[in-house]
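This report refers to the structure that appears directly beneath it.
The values are calculated or read from the model by the stated rules, or taken from the named source; none is laboratory data. Model, not experiment: these values are computed from the prediction. Don't worry about glycine lacking a Cβ; one is built from the backbone with ideal geometry, like all the others, and counts go over all protein chains shown.
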Amino acid sequence: MKTPREVLLKQHQAAAPKLDALRAGVVAGLARPPAREAVSWRDFARSLRWHFAALSAAWMVVAMLNMDPAPGAVAAIPRDKIPTPQQLWASLRESRRLLLEYSDVPAVEPVVVPGRRSEMAVEQAVV
Amino acid sequence: MLVVAEPEQLPVEQAKAGEPEAWSVLFRRYQMPLYVYVFELARDEQTSLDIVQETFIAAVRHIGSLRDEAKFGGWLFGIAHQKCSQLWRKQNREAAWRGEIAETPPDLDDSPDELLIRREQEAEFMKSINQLPPPQRSVLLLHFVEDFSLEQIAEITETPLGTVKSRLHYAKRALRKLLEEK
């Protein structure tokens, strides 16, 4: 009499050598250190040649964009032409007025100041 | 005299540390039970060998995720089970794999050691196992081959405990019936 486990293991005993080989293969893969090729500095630098070329080109573009323009191209503003704060304020108010004018905002209605009571009474009396 | 089986001392910690010799010991311990389990589900030698190899490689790669070292066996069978499920899915037999008979867990009145097979019954026993639906076969094999507990089987197969109970119950009953008929 055998247990089910014994029967099952016995039935597959023929696969044991294949399983041993399989196990040995997996374990051998573990024992083997990962293969690393010795790379010299020269080879390493050579492998990066395109990266260096691209970086150089990028830096050249940056340098060209940052280059100072010819002196005198930007005219200095004379001191006497700089507007005073009062002038600036007046200019701003004028701009605002023009803006309101163009945007059809109704003008502020004149404030109606009631006349004197004595005058009102005369007007009614006349009518 | 009461004999209590001592828990197996397996070099799981050393394997975690990446010692090839420890892995060799672990693989030697589980290679045959794992192969039996996979073969009885896949029914193809080459496929089974491939799955066992993939299981070993995955175990080496993911050993860091194993929290409880005492559960190494169940964890390894879990990987193999997932690979078998993938195979079934690939073969478009998901419906058959997921097929259920009853979800109500019956009372388990039969112990694993109860079933003993006579020499003349061995061939019939193997045939009978193959006739069981895959979910029942899977649970029964885990129970027979490694004597996993119901909880462990539930973890390995990612199935609710009640389902495992009912599968095991019906599988044993069906197996007995098949053996008696012959």
Go through region B:40-75 and give me each residue that's away from chain A (no Cβ under 13 Å) and assigned to a helix (DSSP H, G or I). B:HIS62, B:GLY64, B:SER65, B:GLU69, B:ALA70, B:LYS71, B:PHE72, B:GLY73, B:GLY74, B:TRP75
Is it fair to say B:ARG137 is at pLDDT below 90 and under 19 Å from A:ARG5 (Cα atoms)? no
From the list A:ARG96, A:ARG23, A:ARG32, A:ARG49, which residue is touching a Lys or Arg at 6+ places or on another chain (Cβ under 7 Å) and either at pLDDT below 90 or surrounded by 10 or more Cβ atoms within 10 Å (Cβ to Cβ) (or both)? A:ARG23
Hits in region B:44-62 (condition: of a type in the set (Asp, Glu) and within 24 Å of B:PRO11 (Cβ to Cβ)): B:GLU54
Looking at B:LYS172, B:LYS177, B:LYS165, which one is surrounded by fewer than 20 Cβ atoms within 10 Å (Cβ to Cβ) and either of a type in the set (Lys, Arg) or outside any helix (DSSP H, G or I) (or both)? B:LYS177
